[in-house]
Amino acid sequence: MGKKRSREVDAQGDTPMEEPIVEKRDASSDSDDDESSDEDMNIVNVDFELFNYDPEIDFHGVKTLLRQLFDADAQLFDLSGLSDMIITQNTIGSTCKVDGKENDAYAFITVLNMQEHRSKKPIAQLIEYLSERAKTNQDLAGTVPELLASGKHVGLVLSERLINMPAEVIPPMWRFMIEEIEAAVEDKEPYEFTHYLVVSRTYHEVESTLDQTVRKKKKGRAEAELQYFHPEDEEMRKHALASGTYSYIKENEFVSDSKRAFQEAGIKPCGFMMLIEANKIQRAVQAITEFVGTAT
């Protein structure tokens, strides 16, 4: 894939990504189909395009995805201010859209210099929040709070996509962003990071609290395995200096039941952080590229 765009001009040469999406069709609608076949599979090609941020278009789409990224704790942050910071930093990161630039983003990625912007309200809130949440996880407590207080230039990576968006759109977004960071460093812009702090989401399946008068709790049930909303996170964390989950401050005991989605187990979302040294980010991106390419 060619370079997404030049840093000197607006996004006119954005590169489309053609990604096959499977659409199921009821076989009974075709009289000539084999009766033993339950359904056919049609391949629909969808062009996902990457664009620079446009302050006239992208505010609401980015804010919606940020609200999804921070889940129950989204209300703790100035998401409007954070969205403005992201869309005005339009030479770094991308939106991913279908059917042209004028639509809302289906996915986005960006990196913000936490030291450079630490006096601004949205970043000050996130520094305090991420430091405190990291202290609740022993795998994060020894590195993240100290690093965020050290004055080093840490790149905060924020990335989210709509549910059911294919993971294949993410590696190109990472690769283009790394290229843009390198170009920015050459231009003496403040993107020479020592580390990247990636914020994401995970979840556990938990036993529902509903219908317990009818259904007995399973005794000795093993602790639920960590699940990833973004499958590439499982691979990327292998390259992290530190990684781990944390509970949301505003989580509600009934949230897991509301997200049961017609199954016995509920879903308990958790925040997730990965701290990656700058000299290892290229290998991490290559790893998720290979991982996503083989995932089914």
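Throughout, read-outs are computed from the coordinates displayed, never taken from laboratory work. All values reported here derive from a predicted model rather than from experimental measurement. Note that we place each Cβ from the backbone using ideal geometry, even for glycine, and neighbour counts take in every protein chain shown.
Listing for the model above:
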read-out	value
Among the listed pairs K63/K268; K101/K188; K101/K280; K101/K268; K120/K238; K121/K250, those beyond 27 Å (Cα-Cα)	K101/K188; K101/K280; K101/K268; K120/K238
Ranked packing of 185-195, 230-240, 276-286, most packed first, by mean Cβ within 10 Å	230-240, 276-286, 185-195
Student exercise, segment 127-191 dipole from Lys, Arg, Asp, Glu Cβ charges, in Debye to nearest 20	260 debye
Local electrostatic count at T194 - Lys and Arg +1, Asp and Glu -1, tallied over other residues with Cβ under 9 Å	-1
